[in-house]
Amino acid sequence: MSPLRPLSRAVTAVLGVADIVLEPLQNRIGLRRMAYFFLLPNLLIFGIFILFPMLLNFYYGFTTGESILPQNREFVGTQNLAKLLDCQDFRNPNTCNEDRFWRAAGNTVVFVVVEVTLIVVFSLATALALNRKIIGRGFFRSVFFYPVLLSPVVVALIWKWLLQQDGLLNALIVSAGGQRQPFLIDSGWAQFWAIIVGVWAQMGFYTLILLAGLQSIPPDLYEAGEIDGANAWTSFRFITLPMLMPTMFVVLVLSLIRAVQIFDHVFVLTGGGPGTATLYLVQYIYTTAFQSRNYGLAAAASLLLALVLLVLTVTQLRLGRRAEAA
Amino acid sequence: MEKRHLFSLMLLVLLAVLAVGTVSAQGTVELRITWYNDGNEGDVLRDLLDRYEAENPGVKVVIDTIAYADLDKTLQPQVETGNAPDLARVTDVSRYKGYYLDMTPYLSDPEAWAAAWPAPIIEWMQSGPEDKGLYGFMTQATVTGPFINRTLFEQAGVDVPSDSSDQVTWQEWVDAAKQVADAVSAPDLKVYPVAIDRSGHRVWGPALNMGAVFFERDADGKPLMDEKGNVLFTADSPGFRSAAQMILDWHANGLTPVEVWAGAGGSYASARDFFTNGQLVLFMSGSWQIGAFANNIGDAFDWEAIPNPCGEAGCTGMPGGAALMAFKDSKNPEAAVRLMEWLSSAPVHKEFVERSLFLTYHVELAQSGVDYQTNVPGAKKSLDTFLGEIPKLSDDAWVLQTARNSFSLNIAIRERLTQAITGELTLDEAIQRIQQDVDDARASS
């Protein structure tokens, strides 16, 4: 007897029980509408855990008070949004009513631009290297992908042990006769490491995507280029890059959206400090809600962040469609 | 037929098991306590509760221990949605006013309960002057104050200032600590003269002693409040400026480890590890550190608490502590109050504080004294020192501690001073922002 037979019987029995309920239902509402019935569990989960909190957050953005219950909160219209946007010179947060929001916004812009650029450049370079027939290619592919498997909290803790004042890196510097460096307590250094750790942790994922893109380029094109006298650079410039552009675009959009939402590893690594040097928008929202207990202001800030993400997504869709049309 | 009999038998057994389970569940009252730990007090409580359960077979007490940082994030949704635990250990007592259980109808002797605790503690838990309810008790009293590493003083050959004077200023302490740090620091071991926890609460004491005025009083001597009961805090006063400037100077002159204030991001941070590692001469913190020091330092070096440094306005520390509060959502209020009575009774509470190395506000125990169960000389001496600080606590310190909106001043000072330390703001700008932050918090409360 096949070892799968009892399992098959069990599945048949379960389906038989399900039939008792589903068959009359199907007879009643018809075959086509049964699709909605099967979608219902997913829709319920989406509604309860995503849509409802989103709507609640939208409402909170227009209220004030310390209570978390909507009915106990006072409606104040656009007061929270006005407070966030009240600023004489956006480039100088000290002139803004909610200076920490604009510091966080400025930090986020710098973080997004630098981190996304580094991710795209390093991921592409790594993917190109790993696409060549080098010794230990499988091993290196695993090495670069490994950080992606780690939780951002674990990543941040590992780097914190390396970078803190009495960490491994400073121990090495001191043992080599140098002086301890304030890697996490100097504003410039902290911003630098927040970006580097982010790149290190995520690069493997984007490398993998680009690697798949590289492997989908037909080898005939390179052979044809070779016959036409193309060197390595011209092959890259006129074959690899254009063929890889759709994949690069995916990498750009994914890394951009993720960078705007940066929170987890920086929160553990620097806590947003020193001062507000690594305070990014999501952490601003978190601390405003759960430390300052200003849920209304935090919700309003998250609405503004959602707006930014919406603009980015729409831009991506339009550019994507344009690229497809071309 | 046989199969049908077997099925019937199994059904009967299942029903019987369920019935027994239901009876058992109905016969046992389960109480839940939300708790956090500073030291070993959770173990001590569990030990006491095991005894209580043995004496009261119908009661089972479950302790839900969570990290202090998550306490209010967990408790607030529970409380507001009507799912509060029976009891919870809280430090922000004002936050849950209106949700506490008035234990008066259930207490065997409400007057005795009220007499067992100082009036300011009872009033702290009440919603206002008209409220006469009894809602909980303090599991521990805390007082802020500094610790010193006496061994470092001895190694440096520097006299401990408090050995020869009852009233030592911050400047005198820092000068002495600097001499010690200079003398004992080595190339491979940097010793810092002074550090203070990254907390606005820790700054309040020194600031008050330097003459800070955090609120005005009305003709009756009560703090000015808005219609919601929030104290109208003021940030800018010469005393606060002096204290803030002192902390900025410590950072600018390399007297304190920068990572405590600048390296902690947006949360509370303690300099405890520096003190424990022997890298700190003077550490401004509070009595709750004693248990951890007794365990982690022991007698590795001589450490002790010293009286709060004085200024022209006094020598106060900040009071505080953790309260065990009963919540009115409790399904078993009578059983919850019985347990509260037992835990707060003099013999049980005495054992709790003696084993946890906590100070207590309990009136009877404060008079009769407690016999702390530690062989670490520094722990005993520190507990005595902090006990001596309690009568010196100023009225303003009590107002700051018990005001419903004091958290906003605490956080604003912590965050804005850090920005001044890292150069993002000047001290003037930091003080303006502190004022704005507390005003905004009051408006949105």
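The values are calculated or read from the model by the stated rules, or taken from the named source; none is laboratory data. Please read all numbers here as calculations on a predicted model, not as lab measurements. Positions of Cβ are backbone-derived with ideal geometry, glycine not excepted, and every protein chain shown enters the neighbour counts. For accessibility, only protein heavy atoms count, side chains too; no ligands or nucleic acids. Shrake-Rupley method; radii C 1.70, N 1.55, O 1.52, S 1.80 Å.
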- Message: Whole percent per 10 Å bin, from 0 to the bin with the longest distance: what is P(r) over all C-alpha pairs of chain B?
- Response: 4, 19, 28, 24, 14, 6, 3, 2, 1, 0
- Task: Run the numbers on segment A:284-318: which residues show a drop of 50 Å² or more in accessible area, chain on its own versus all protein chains together, using a 1.4 Å probe over heavy atoms?
- Result: A:Gln291, A:Arg293
- Task: List the lysines whose Cα lies under 18 Å from the Cα of B:Lys350, skipping any in the same chain that are fewer than 8 positions away.
- Result: B:Lys380
- Query: Among all the lysines, which ones have a C-alpha under 23 Å from B:Lys222's C-alpha, if same-chain residues fewer than 8 places away are not counted?
  - Reply: B:Lys97, B:Lys132, B:Lys392
- Task: Find the centroid of the Cα atoms in segment B:117-177 and in segment A:79-102, then give the distance between the two in whole Å.
- Result: 39 Å
- Message: Need the C-alpha centroid separation for segment A:275-326 versus segment B:344-384, integer Å.
- Response: 51 Å
- Query: Rounded to the nearest 500, what is the protein assembly as shown's calculated 222 nm mean residue ellipticity when only DSSP H runs of at least 4 contribute -39500 (n - 2.57) each, over all residues?
  - Reply: -18000 deg cm²/dmol
- Message: Could you check the spin-label model distance between A:Ile45 and A:Val21? Points 7 Å from the Cα along Cα→Cβ, value in nm.
- Response: 1.6 nm
- Message: For Cα pairs less than 8 Å apart in space and 6+ apart in sequence, what is the mean separation divided by the residue count of segment A:79-325, i.e. the relative contact order in percent?
- Response: 27 percent
- Query: Roughly how many nanometres apart are two label points built 7 Å out from the Cα toward the Cβ at A:Leu7 and A:Gln179?
  - Reply: 6.6 nm
- Task: List the residues whose amide H sits under 5 Å from the amide H of B:Glu30, counting only those 5 or more places along or on another chain, with H placed 1.01 Å from N in the peptide plane.
- Result: B:Lys60
- Task: Express as a percent, rounded to the nearest 5, the fraction of DSSP beta bridges in the protein assembly as shown (both residues included) that run antiparallel.
- Result: 70 percent
- At R0 = 35 Å the Cβ-Cβ FRET efficiency linking B:Asp220 and B:Ala112, nearest 0.05, sits at 0.70
- Message: Report the gain in length on full extension from A:Glu74 to A:Ala306: 0.36 nm times residue separation, minus Cα-Cα distance, nm rounded to one decimal.
- Response: 81.2 nm
- Query: Which FRET efficiency, nearest 0.05, do A:Leu85 and A:Ala224 yield, Cβ-Cβ r, R0 60 Å?
  - Reply: 0.60
- Sorted by packing (mean other beta-carbon atoms within 10 Å per residue), highest first, where do A:132-139, B:240-247, B:199-206 land? B:199-206, B:240-247, A:132-139
- Query: For B:Thr151 and B:Asn296, FRET efficiency with R0 = 25 Å and r from the beta-carbon atoms, rounded to 0.05?
  - Reply: 0.95
- Item | Pair B:Asn56, A:Gln261: separation of 7 Å Cα→Cβ label points (nm) | 4.7 nm
- Task: Just the number, please: percent antiparallel of the DSSP beta bridges in chain B, rounded to the nearest 5.
- Result: 65 percent
- Query: Considering amide H positions built from the backbone, and no H for Pro or chain starts, which residues 5 or more places from B:Ser185, or on another chain, come under 5 Å of its amide H?
  - Reply: B:Val191
